[in-house]
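The values are calculated or read from the model by the stated rules, or taken from the named source; none is laboratory data. Just so we're clear, the structure is a prediction, and the values are computed from it rather than from any experiment. Please note: Cβ atoms are built from the backbone with ideal geometry, for glycine as well, and neighbour counts cover all protein chains shown. Heads up: the accessible areas ignore ligands, DNA and RNA and are worked out on the full protein's heavy atoms, side chains in. Shrake-Rupley method; radii C 1.70, N 1.55, O 1.52, S 1.80 Å.
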There are 2 protein chains.
Amino acid sequence: MINFSIKFQSGVPIYEQIIYAVKKAIVSEQLRPGDTFPSVRELSKDLRINPNTAQKVIAHLVREKLLIIKPGIGSVVSELKEATDLQRKEILDTEIEKLVVEAKRLLINKKEVIDAVKSHWNLDNEE
Amino acid sequence: MINFSIKFQSGVPIYEQIIYAVKKAIVSEQLRPGDTFPSVRELSKDLRINPNTAQKVIAHLVREKLLIIKPGIGSVVSELKEATDLQRKEILDTEIEKLVVEAKRLLINKKEVIDAVKSHWNLDNEE
DNA sequence: CCAAGTGTAGTATGCAACATAGTACACCTG
DNA sequence: CAGGTGTACTATGTTGCATACTACACTTGG
């Protein structure tokens with residue numbers, strides 16, 4: 001049984017879209033630590049994607065420590081981990097800089113951006 | 001003469017890196033409206049990239065209305081334009097949601113994120 | 001006028017990523 | 001021990017990226 005939803009859109013790799021959907025589900029507590037996660041074959045069948053693509057998704061999520069492999073069983077949602085210094089720098093420096101540059105070039109106010117952050121922080125329950 | 005700097009890093013398309021560097025230069029006022037921008041051939045020579053790639057960069061920037069073509073002359077930095085509703089939605093909804101999801105999964109505080117936004121907003125003069 | 005520079009368009013090649021299909025193996029569970 | 005699990009291959013087709021090269025219509029500046 002699948003416990004998150006996806007609407008595929010072209011232009012973005014399928015496996016990235018799935019990974020993001022899973023992260024969103026975890027962050028919004030639709031998926032909680034300890035919950036079982038679909039196996040490679042189950043995921044590929046339910047989402048009608050290739051087993052290789054499903055395997056790619058799970059491998060990524062394991063490498064990012066969002067899933068833990070239970071040999072012979074499947075995988076399980078893990079507890080959230082603190083960011084490494086490198087991950088922290090990537091977000092707070094690189095990613096946010098990109099966001100600010102794009103906002104500034106489109107003449108979007110600082111307040112609008114910060115309000116949007118606050119807004120998304122409090123409700124991650126979209127559709 | 002090139003009036004912005006780039007350090008290429010692998011994994012990201014060259015043309016995207018250049019586009020971003022130009023945006024950053026404009027936003028930080030190292031490039032101002034009316035300034036002349038390198039021609040396709042000049043850009044390809046100075047950055048040692050293929051003319052096609054340079055053309056791709058300029059075409060993108062023109063389509064985003066950051067440059068204006070002066071036929072026979074070259075191109076010129078344009079005034080910043082207000083975002084369309086679609087661009088505004090893309091940033092304030094999609095992009096910021098992605099940022100928040102990634103921050104939350106890495107247990108980064110809301111305050112840290114907002115402070116980083118404020119910080120990047122005031123000084124775009126790195127290195 | 002005209003040489004030189006401009007943007008633009010086209011063909012072609014090599015490379016890598018993405019998604020697909022199919023097969024196979026070692027492992028653990030029930 | 002049958003069946004499910006993750007994992008690892010090979011292979012194909014498509015797409016995007018970067019390169020090389022040629023060509024054309026345009027405008028500038030001498």
Using only Cα atoms, find the angle between the long axis of helix B:96-105 and the longest principal axis of chain B, and express it within 0 to 90 degrees, rounded to the nearest 10. 50
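Within 12 Å, Cβ to Cβ, of B:Glu64, how many net charges do the neighbouring residues add up to if Lys/Arg are +1 and Asp/Glu are -1? If you can, show how the numbers build up before the last one.
Numbers: positive: A:Arg105, B:Lys23, B:Arg63, B:Lys65, B:Lys81; negative: A:Glu102.
Result for the local shell: +4.
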Each residue of the range A:30-47 in order: what ³J(HN,Hα) in whole Hz does its phi give by Karplus 6.51 cos²θ - 1.76 cosθ + 1.60, θ = phi - 60°, with x for Gly and Pro? 6, 10, 10, x, x, 4, 6, 10, x, 6, 3, 6, 5, 4, 5, 6, 5, 8
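Give the interface area between chains B and A as buried accessible surface, both sides summed, probe 1.4 Å, in Å² to the nearest 100. Intermediate results must be reported in sequence, preceding the final value.
Details: alone 9900 and 9890 Å², together 15140 Å².
Answer for the B-A pair: about 4700 Å² buried.
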So how much accessible area does B:Ser28 have, in Å² to the nearest 10, using a 1.4 Å probe? 20
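Averaging sequence separations of C-alpha pairs under 8 Å and six or more residues apart, then dividing by the length of chain B, give the relative contact order as a whole percent.
Details: 94 pairs, mean separation 27.1, N = 127.
After rounding, I find 21 percent.
Loop only by DSSP, 13 or fewer other Cβ within 10 Å of the Cβ. Give me the GluC sites (Glu not before Pro) in the range B:36-100 that pass, ordered by residue number.
In loop regions of the range B:36-100 (DSSP not H, G, I, E or B), the sparsely surrounded GluC sites (Glu not before Pro) are B:Glu79, B:Glu82.
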Spelling out what I want: for every residue of the range B:116-123, take phi, set θ = phi - 60°, compute 6.51 cos²θ - 1.76 cosθ + 1.60 (Karplus), and round to whole Hz; glycine and proline get x. 5, 4, 4, 4, 5, 5, 8, 10
Residues of the range A:19-40 with amide N under 20 Å of a point placed 7 Å along Cα→Cβ from A:Phe8: A:19-25, A:38-40
Which value, in Å² and to the nearest 10, is the accessible area of A:Lys24 when all protein chains are kept and the probe is 1.4 Å? 60
What is the percent carbon and sulfur in the accessible area of the protein assembly as shown, measuring with a 1.4 Å probe over the protein chains and ignoring ligands? 51
So what does A:Val27 come to for accessible area, using a 1.4 Å probe and Å² rounded to 10? 20
With label points set 7 Å from each Cα along the Cα-to-Cβ direction at B:Ser28 and B:Lys110, the distance between them in nm comes to 3.1
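When a/c is below 1.5 the answer is rounded, else prolate if a/b is larger than b/c, else oblate, so apply that to the protein assembly as shown with a ≥ b ≥ c taken from the square roots of the Cα gyration tensor eigenvalues. It would help to have the intermediate numbers written out before the result.
Values: a/c = 2.36, a/b = 1.80, b/c = 1.31.
Prolate, since a/c reaches 1.5 and a/b exceeds b/c.
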Residue-averaged 222 nm ellipticity for chain B, from DSSP H runs of 4+ at -39500 (n - 2.57), nearest 500: -14500 deg cm²/dmol
Specify the angular offset, from 0 to 90 degrees and rounded to the nearest 10, of the alpha carbon long axis of helix B:14-27 from the longest principal axis of the alpha carbons in chain B. 80
Accessible area (Å², per residue) of the range B:1-126, counting only protein heavy atoms and a probe of 1.4 Å: 59
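Under the 0.36 nm per residue contour assumption, what length would be gained going from the current alpha-carbon distance of B:Val76 and B:Thr36 to full extension? Walk me through the intermediate numbers first.
Values: separation 40, 0.36 × 40 = 14.40 nm, distance 0.44 nm.
Separation in residues times 0.36 nm, less the Cα-Cα distance, equals 14.0 nm.
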Going by alpha carbons, how many degrees (0 to 90, nearest 10) lie between the helix axis of B:51-63 and the longest principal axis of chain B? 60
